[in-house]
Structure formats: structure tokens, C-alpha cells
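Presented below is the structure to which this report refers.
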Amino acid sequence: MTDSPLLGHAPKRGIAALPGLVSDTTALTKRNLLMFRRVPQLLVFATIQPIIFVLMFRFVFGGAINVPNGSYVDFLMPGVFVQTVVFGAVGTAIGLAADLKTGFIERFKALPMAHSSVLIARILSDLTRNIFVVTLMTSVGFAVGFRVHTNPAQFLLAVLLLLAFGAALSFIFATVGIMVREPETAQAAAFPVMAPLVFASSAFVPVESMPGWLQPFAANQPVSAVITAVRSLVLGGPAVSDVLIATAWCVGIVAVAAPSAIWMYRKAV
Amino acid sequence: MTSMPELAIQAQQIRKNFGKVVALDGVNLSVPVGQIFGLLGPNGAGKTTMIRVLTTVLRADSGTATVMGRSVSHEAPSVRGLIGLAGQYAALDPNLTGRENLRLVGSLTQISGRVAAQRSDELLERFSLSDAGNRLVRTYSGGMRRRLDLAAALVHRPPVIFLDEPTTGLDPESRVELWAVIKELVADGATILLTTQYMEEADRLADQLAVIDHGAVIAEGTPTELKRRLGSSVIELGFADDATATRAAELLAGTSTEEPHVTGRGVQIKSNEGTKLLTRLLRTLDQGGIEPETLTVHEPSLDDVFLSLTGKPTEDSAPPVEAAGKRGRGAR
Ligand SMILES: Nc1ncnc2c1ncn2[C@@H]1O[C@H](COP(=O)(O)OP(=O)(O)OP(=O)(O)O)[C@@H](O)[C@H]1O
Ligand SMILES: [Mg+2]
């Protein structure tokens, strides 16, 4: 009876819906990842930019920046890693906005598919891209003199934290992408939100070097929290409380942004 | 399986507002299984909104609607298993090939990869896209996208198919081809609801029509019934000079129930009997020794429909035939 025409396809519910969710998510994730091959500019932009930052800060500005202890490149790389996943998260907004613009999502809405797979697949494909970019940036870091001062396990934990932060941000930018519906606008709308978070952070310079009024923000905002945790994990020192704070930020962001992204997706046509 | 419902689509008092704009103002529709139902209306009438409500894409503010007996609001997932939608604007991934687009939609409708692949090939063939199947959709022409979009609505062989202006932007050949596909689908037992701005298309395809304006159904019936009500074609004859025209009008008085109307060198006569009257008119003129220089037949257009239904022209009346490129996603 599988091939009889005009049968209709009854959707499954509960546990029985799980295989559907998995296969829909797989199909969409594959398709999202294929985009990086079809539109290589996406990936080139996402990688060239942080590489330029590394080179610029390592060799141009680095000499003028004093860091508390250790070498500047060891201070810099955790900041660059976090910057990479923050800027990368804009890709989530751009991807969803593009799918809304082409009407692809309207088509999805009338299909007997697992609708949560659209968001899940987007987050997963952006996670995959982050794994690639973080790996690449690690190699770039090693090439310009960056060293892990702790152990591989802590470094791995740092990478997991980075990826978790990237995924959490993806939910925020999913909301933005659905809201603006226009890939170019998504890019433009994301920048003013991200720039202060990335630049008024401890990514490139120590917070203590900033004006007094800026310090409380710069020291406690989420991007700095994650950078601090990654630094502790990679450069040594007591890391537990830093990691807990950073994890709390990730959880908190997901708790707020995931429902809002889901709500926006439901409403969007 | 429950017994087949008689009505494939039923809508009662569907209302939908967008802010202050009343898009649907209490629409009722009934479409029996196996019918082609045409929704006819000008820009902004509410056609797309109605289709979005019936395909579970949009929630109505009030009213009830069912597809194959299942509620679009309470049983949306099972409705989605029964419908295919080709929206007004082609909804495709420009960075996938035509074949990949179809297979992706197939895999999202729970059919096996093998079946999806096979049906994708069949559909590409059916819509004359086999040669372009492995090209990225961003390289497709507007008409090719349109056809691929329709193919994508059919991958899972849905019994109820919604087509929003399926032939807008197609060349005449593709249009005729598509009409044939639609007839085939119905011959296989499908039910189709389509919207159109073309009277001719509605006439050719639809078993039943509803004319919608400002979110309300203002007339319903078979195309023949509607056209009878909507008025008539107008035959216009042009003559060498005013005097000949006047003479011709005198000669022709009484050939039709409607009196001829002289405008300068032209004579207009309304016709409810199509070409039959034309033959009679020409024969009468011939016998009277008058030869017309020009002959035009104006078929009733969508604007005439509205004129006769509402007594006023449509607010932003678009040219009814092959209107300029209104493709592309409009601003929202
Ligand atoms: N998402 C939306 N937000 C606000 N207004 C909308 C939205 N969608 C439709 N409308 C409004 O609702 C009314 C009906 O629109 P709809 O798209 O259903 O018309 P239509 O009959 O499909 O027109 P067309 O022939 O131009 O496609 C219009 O006045 C339109 O401006
Ligand atoms: Mg429309």
C-alpha cells in the first residue's frame, strides 16, 4: 500500500514521531551544510575575518597591549575563539531569514513534517560550522605561538563551552532572523548588538585598561564571562567558578531565547 | 480508515484580520471530492490568505474549516498529510538543484528515499525539467521555478491540492501543459482548489467557481452560470465612415435581443450567444451590401465580472490578461 496514490500520510505523535523528527532533522541539516559548499563565501567570510583579527592583534597591536601575566598571544586566542562563535551565530539569522524570504518555510508549514526540525537543523548545522571554524582557529593560533598551558582534557572542555555558547547564541539570532526576514537586514541588525559585546569585553585588552564606567559592564557581560572561563581552562588557574558562571549564561540564554525562537517560528509565515 | 467524506474542503465563516486590514470577512466554501474549484478575485481579494488558512499555514481569527473532514486548526498535522501546496510565489531553495529540491520535500513527507528519488524523476519529466534537473534552481527562469514549485507540491501524492495562481508567469505553452497536468490529477481522484485572475483559465478548468472580493464571496456557480450572470461578450464592428455605421446599426437592429449602439464609425452589440450572433450579423450586413472594416469581440473579463457583480469597477483593477511581471515576493 506504500505506493498507492492519494493515500495521504498520517503524521505520528509522541514517541512514534521521533524517527520522523530524526529523519527530518537529518535531511535539513544535510541541506544546510550543503550550502557551505554551494555558497563558499559564507564559510570564507566566517573564517577570514577571525584570521585577520589574529594576525592584526598578534603582530600589529599586540606589542602595545599589556596583559597581567603570560604572553599576549595566549591572552588573545581565547578572546578570538569566542569572537568567532559570536560572529558565526549571525549565520543562523541569515540562514533562517533566507528561508523565509524564499518562501521555503511557508512550504514547510504545509508539510506533514516535524516542525521543530527546522530550528534544530539550523542550530546543528551552525554547530558543525563552529566545530570547523574553532578547529581552524586553533591551528592558526598554534601557528602564531599560542600554547595550551593546562591539559588536553581542559582544552576540550573549553572547546565544548565555546560550542555551547555558540549554540545558545544561535537561538537569539534565530529569533532575529525570523523577525527581520531579510538576510541582508539580519546581518545589519546583528552587528550593533554584537559589536559592543565583543569589543567591550576582555577579548583583546584587559578590562582594567578600560574607562571606569565601562568596566562593570565589560567584566560581567556574557561574552567576557565565557572568555574568562576559556582562559582559565586553557591558561591555568582556578577554573571552576568561571566555568560555572559561563555555563549559567549559556543555560540562561537558551532558557529565554529558545522559547522566543520557537514562538517566532510558529507565528512566521 | 474512516469512510471518505463527500466534501474535500469545507470552510465556514472564516475571518482573518491583519491589524486593521480585513483579509477574510466570513468566507464559506464547499468543495466536493474530485472537483476543481476555482477561486477568482482581484489583487488583495483574500485568495492567498484563504489558501494559507486552508493549508494550516495561517490560523484564522474565527470560523471553522476542514479538509477531508479534518479540522485545519485542531488536526493540522493530519491535514498536512493530505494536502499539497504550491503557493503564489515559488518556494524553493535556490542553492539546491531542481532534483535536490524535490527529494528534500519528499524526505520531509516521510516517503522513503528511494520512492522520493523515483517520483522526483517522474515529476521532472512530467514538467519538462529533466534536462535542468541537475542545475541549481538559482539558474532557473521564472517559468521553470514555477513548474518545479508545482512539482514539489505533488511529490507525496496528496489527495487535496492547493494551487495559488499556478499559471501566472508561465508562457502559453507551459500554461496549456499545466492545465493538462491538473486535469490528469483530477482524473486520478484528486481534488484541486486553485486561484486565478484569468477568466479563461477558470472557464477551462473549474467545475465550480467562487468570486471573492474584499474578503467575501460575492458570487458562486459553475463557469457557465457565472458568465451568464456576469454579462456578455461585446461585438464591435468598424465601418468606413459615420454614415455607414449608422446605416449598419439600422440594418442590424433586431438581430439580437440587445440593440446596437453607435459610436462614431463603430457599432457595438452585446451578445449572449457568442459566435452564433456573429454569423448572423455578418450575414445581415452582407445582404445589405455593407462591408465592415474591422471586427473585434470582447470576451467578458474579470473586470466585467466585478462591474456586473458589484456595480463598480475593482478598486485596483489589474489588467486581466498576462499582467506585467508581478512575480517575486512582495513586501509584507
Ligand atoms: N501578512 C500580512 N500582513 C498584513 N496584511 C496582509 C498580509 N497578508 C495579506 N494581507 C492583506 O490582506 C489582504 C488580502 O491579501 P491576499 O494576499 O490574501 O490577496 P490575494 O487575493 O491573494 O491578492 P493577489 O491577487 O494580489 O495575490 C490584502 O489587503 C493584503 O494587503
Ligand atoms: Mg495572492
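The values are calculated or read from the model by the stated rules, or taken from the named source; none is laboratory data. What you see is a predicted model; the values in this text were computed from it and never measured. Backbone-built Cβ (ideal geometry, glycine too); neighbour counts: all protein chains shown.
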Sole residue being part of a strand (DSSP E or B) and crowded, with 20+ Cβ neighbours inside 10 Å, chosen from B:Thr49, B:Thr56, B:Thr66
B:Thr66
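If you scan segment A:98-121, which residues turn out to be under 23 Å from B:Gly98 (Cβ atoms) and either more than 10 Å from every other protein chain (Cβ to nearest Cβ) or among the charged types (D, E, K, R) (or both)?
Applying the first criterion (under 23 Å from B:Gly98 (Cβ atoms)) to segment A:98-121 yields A:98-113, A:117-118, A:121.
Once the filter is applied, which keeps residues that are under 23 Å from B:Gly98 (Cβ atoms) and either more than 10 Å from every other protein chain (Cβ to nearest Cβ) or among the charged types (D, E, K, R) (or both), segment A:98-121 yields A:Asp99, A:Lys101, A:Glu106, A:Arg107, A:Lys109, A:Ala121.
Here is a yes/no grid of residues against (1) assigned by TED's automatic domain parsing to the domain that holds B:Ala206; (2) of a type outside the set (A, V, I, L, M, F, W, C); (3) on the phi < 0 side of the Ramachandran plot:
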residue: B:Ala11; (1), (2), (3): yes, no, yes
residue: B:Val22; (1), (2), (3): yes, no, yes
residue: B:Leu39; (1), (2), (3): yes, no, yes
residue: B:Asn43; (1), (2), (3): yes, yes, yes
residue: B:Thr56; (1), (2), (3): yes, yes, no
residue: B:His74; (1), (2), (3): yes, yes, yes
residue: B:Ser78; (1), (2), (3): yes, yes, yes
residue: B:Leu82; (1), (2), (3): yes, no, yes
What's the number of the condition B:Val31 fails, among (1) assigned to a helix (DSSP H, G or I); (2) under 26 Å from the mean Cα position of the chain (by Cα); (3) more than 13 Å from chain A (Cβ to nearest Cβ)?
(1)
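Looking at the structure I just gave you, is A:Arg129 surrounded by 19 or more Cβ atoms within 10 Å (Cβ to Cβ), away from every other protein chain (no Cβ under 14 Å), out of contact with any strand residue (DSSP E or B) (no Cβ under 8 Å at 6 or more places or on another chain) and assigned to a helix (DSSP H, G or I)? Walk me through it before giving the result.
Numbers: surrounded by 19 or more Cβ atoms within 10 Å (Cβ to Cβ): yes; away from every other protein chain (no Cβ under 14 Å): yes; out of contact with any strand residue (DSSP E or B) (no Cβ under 8 Å at 6 or more places or on another chain): yes; assigned to a helix (DSSP H, G or I): yes.
Here the answer is yes, as A:Arg129 does meet what is asked.
Could you identify the single residue in B:Glu184, B:Glu225, B:Glu177, B:Glu173 that is more than 16 Å from ligand 1 (Cβ to nearest atom), touching a residue at least 40 places away in the same chain (Cβ under 8 Å) and surrounded by fewer than 23 Cβ atoms within 10 Å (Cβ to Cβ)?
Details: B:Glu184 fails: touching a residue at least 40 places away in the same chain (Cβ under 8 Å); B:Glu225 fails: touching a residue at least 40 places away in the same chain (Cβ under 8 Å); B:Glu173 fails: touching a residue at least 40 places away in the same chain (Cβ under 8 Å).
Of B:Glu184, B:Glu225, B:Glu177, B:Glu173, the one residue that is more than 16 Å from ligand 1 (Cβ to nearest atom), touching a residue at least 40 places away in the same chain (Cβ under 8 Å) and surrounded by fewer than 23 Cβ atoms within 10 Å (Cβ to Cβ) is B:Glu177.
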Across segment B:171-205, what is the total count of residues that are within 16 Å of ligand 2 (Cβ to nearest atom) and over 11 Å from the mean Cα position of the chain (by Cα)?
0
Give the residues of segment B:27-42 that are away from ligand 1 (no atom under 14 Å from the Cβ), small (Gly, Ala, Ser) and touching a residue at least 60 places away in the same chain (Cβ under 8 Å), sorted by residue number.
B:Gly34
From the list B:Asp213, B:Asp207, which one is in contact (Cβ under 8 Å) with a residue 40 or more places away in the chain, in contact with a helix residue (DSSP H, G or I) (Cβ under 9 Å, 6 or more places away or on another chain) and surrounded by fewer than 20 Cβ atoms within 10 Å (Cβ to Cβ)?
B:Asp207
Quick one: which helices (runs of 4 or more DSSP H) lie wholly within segment A:144-261 and hold at least 2 residues that are under 30 Å from A:Gly103 (Cβ atoms)?
A:152-180, A:183-199
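Could you identify the single residue in B:Val27, B:Val33 that is of a type outside the set (D, E, K, R) and out of contact with any Pro (no Cβ under 8 Å at 6 or more places or on another chain)? Talk me through it step by step, then tell me what you get.
Details: B:Val33 fails: out of contact with any Pro (no Cβ under 8 Å at 6 or more places or on another chain).
The match here is B:Val27.
Condition first: more than 9 Å from every other protein chain (Cβ to nearest Cβ) and more than 11 Å from ligand 1 (Cβ to nearest atom). Now tell me which residues in segment B:43-69 satisfy that. Steps first, please.
Residues of segment B:43-69 more than 9 Å from every other protein chain (Cβ to nearest Cβ): B:43-51, B:53-54, B:59-67, B:69.
Selection gives B:Leu54, B:Arg59, B:Ala60, B:Asp61, B:Ser62, B:Gly63, B:Thr64, B:Ala65, B:Thr66, B:Val67, B:Gly69.
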Just a yes or no: is a residue in segment A:58-71 at pLDDT 90 or above and among the hydroxyl-bearing types (Ser, Thr, Tyr)?
no
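Restricting segment B:73-89 to residues that are facing another protein chain (nearest Cβ under 7 Å) and within 16 Å of ligand 1 (Cβ to nearest atom), which is nearest to B:Thr48 (Cα to Cα)?
Filtering segment B:73-89 for residues facing another protein chain (nearest Cβ under 7 Å) gives B:77-78, B:80-83, B:85, B:87, B:89.
Those still in the list that are within 16 Å of ligand 1 (Cβ to nearest atom) too: B:85, B:87, B:89.
Working: B:Leu85: 11, B:Gly87: 8, B:Tyr89: 10 Å.
Looking at the filtered set, the residue picked out is B:Gly87.
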Kindly state which helices (runs of 4 or more DSSP H) lie completely within segment B:152-230 and contain at least 3 residues that are within 17 Å of B:Gly87 (Cα to Cα) and more than 14 Å from every other protein chain (Cβ to nearest Cβ).
B:172-187
Which of the residues belonging to segment A:18-58 are in contact (Cβ under 8 Å) with a residue 12 or more places away in the chain and away from chain B (no Cβ under 14 Å)?
A:Ala46, A:Thr47, A:Gln49, A:Pro50, A:Ile51, A:Phe53, A:Val54, A:Leu55, A:Phe57, A:Arg58
At least 2 residues that are of a type in the set (D, E, K, R) in each: list the helices (runs of 4 or more DSSP H) lying fully within segment B:73-140 that qualify.
B:98-107, B:113-126
